[in-house]
C-alpha cells in the first residue's frame, strides 16, 4: 500500500494551551490557517501530483498543526464539508486529523466518523505525569489511555506522537512511555526530539540554566531504542525528527537541541550498526575466521548501513578481536532491513540476519 498524506496546515488553531516547547502561536501570525474555501485548491493541487491509478494507492487529506477537535464546531464542519466531494469521487480515501487527548469524547468521535475522518493522531508526548505537568500539557496519562481506547473503539486508525527530552524526562521514562504506548497498540507512531525554539517557555528555562536539551548523539540513541521496540511489535514509525521546514532553518529560530535535517536517517543508521555488530559477532563465533569480511544489504539500505561519513564501518572496524569489514555491497537477494555477511572477496553472502532475528536477540 502506497500511502499519501495531503497536508493542510492549521497552525495552532483550536489549542487553548501554550505548551512549554511550542511556538505555534508565533508561526500562526506569519502563516495563518487557510479558509475552508481554500482547502479544495490545496487538495486538488496535491492530487495532480499523485498517480490516480497507482496500484494500492491510498490518500488522506490531513489537517496538521492544530488541535482539530478543539476548533469551533462550525469551523470543524466547514473544514470537513469541503472534503466530501473528494471522498464521494474516490479521489481521497479518508481524512486525517491531529488533536489533543483531552479533546476526545464519544460525541466528538461520532461527529468525526460521520464526516469521513479515518485517522486520528494524538499529541501524547509522554506517558509520565511528571513530564506532562512540567511541559504544561494540561492532562494526565489516564486521559491519554482513555482517549486512545475510545478512538480504537470507534474504528479509527490511531497515531501517537511522542517527544523525547522534555523537562523532567529521562531515558528510563522514555522506555516506560515506549512500553506503555506499545500496550495501547496504535497503528502508527511519530517520535520527535525536543528542540529549544525561540520565544517559548523552554527557551526561558534554557537561558536561565534550568533546562538542558539532549545532545544529537544522545537523542539518536534514545530514539533508536524506541524505534526498535516499536518495530519488533509491528507498529509503524512514520516519522522521527521534526520536518526541516523553512521556519526551522531561519537563523535564530532553533536556539538549541538535537536538530538535524535527516534525523530519522541517523536513527536508522544506528539500528543497522547494532544489527551489523550482532551479525559480525555471530559469524565470527561460527567461522572463527581471521580474514577480512564484507557486508551485504538491500540497495535501499546501503547508505543506512555505511553510515554518515562511513561512521558505521569505522565503528565495526574498531571492535576488538573481530575481523575487519572491508565494505558493504548491495545485493538484490537481500531483503529490506536484512544484512548478509561473507569473505571480503565473495560476491554473495554466506550468512544473513533479518531485522526480526536481530530483534529477538537484541531485545530478549
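The values are calculated or read from the model by the stated rules, or taken from the named source; none is laboratory data. Here the structure is a predicted model, which means the values were calculated and not measured. Here Cβ is always computed from backbone atoms with ideal geometry, including for glycine, and neighbour counts include all displayed protein chains.
Could you grab me the full set of residues in region 343-363 that are within 31 Å of the chain's Cα centre (by Cα) and part of a loop (DSSP other than H, G, I, E, B)?
Selection gives 354, 363.
Inside region 185-206, can you point out the residues that are free of Cβ contacts under 8 Å to residues at least 40 places away in the same chain and touching a strand residue (DSSP E or B) at 6+ places or on another chain (Cβ under 9 Å)?
none
Looking only at strands (runs of 3 or more DSSP E) that fall completely inside region 228-310, which ones have 2 or more residues that are more than 15 Å from the chain's Cα centre (by Cα)?
254-256, 293-297
Every residue in region 261-280 that is in contact with a helix residue (DSSP H, G or I) (Cβ under 6 Å, 6 or more places away or on another chain) and surrounded by fewer than 17 Cβ atoms within 10 Å (Cβ to Cβ), please.
Matches in region 261-280: 278 only.
Do you know which residues across region 28-45 are in contact with a strand residue (DSSP E or B) (Cβ under 9 Å, 6 or more places away or on another chain), surrounded by 17 or more Cβ atoms within 10 Å (Cβ to Cβ) and modelled with pLDDT of 95 or more?
39, 43
Tell me whether region 311-331 contains one or more residues that are part of a helix (DSSP H, G or I), over 18 Å from residue 223 (Cβ atoms) and out of contact with any helix residue (DSSP H, G or I) (no Cβ under 7 Å at 6 or more places or on another chain).
yes
Determine whether residue 283 is surrounded by 13 or more Cβ atoms within 10 Å (Cβ to Cβ), out of contact with any helix residue (DSSP H, G or I) (no Cβ under 9 Å at 6 or more places or on another chain) and at pLDDT 90 or above.
Spelling it out, residue 283 is indeed surrounded by 13 or more Cβ atoms within 10 Å (Cβ to Cβ), out of contact with any helix residue (DSSP H, G or I) (no Cβ under 9 Å at 6 or more places or on another chain) and at pLDDT 90 or above.
Output the residue which, of all residues in region 332-342 that are out of contact with any helix residue (DSSP H, G or I) (no Cβ under 7 Å at 6 or more places or on another chain) and part of a strand (DSSP E or B), is modelled with the lowest pLDDT.
Checking each candidate, the answer is 342.
Only one of these is outside the structural domain of residue 23 (by TED's automatic domain parsing) and within 29 Å of residue 166 (Cβ to Cβ): 281, 269, 333. Name it.
Going through 281, 269, 333 in turn, the sole match is 269.
Quickly run through region 165-199 and pick out the residues that are within 19 Å of residue 23 (Cβ to Cβ), touching a helix residue (DSSP H, G or I) at 6+ places or on another chain (Cβ under 8 Å) and assigned to a strand (DSSP E or B).
193, 196, 197
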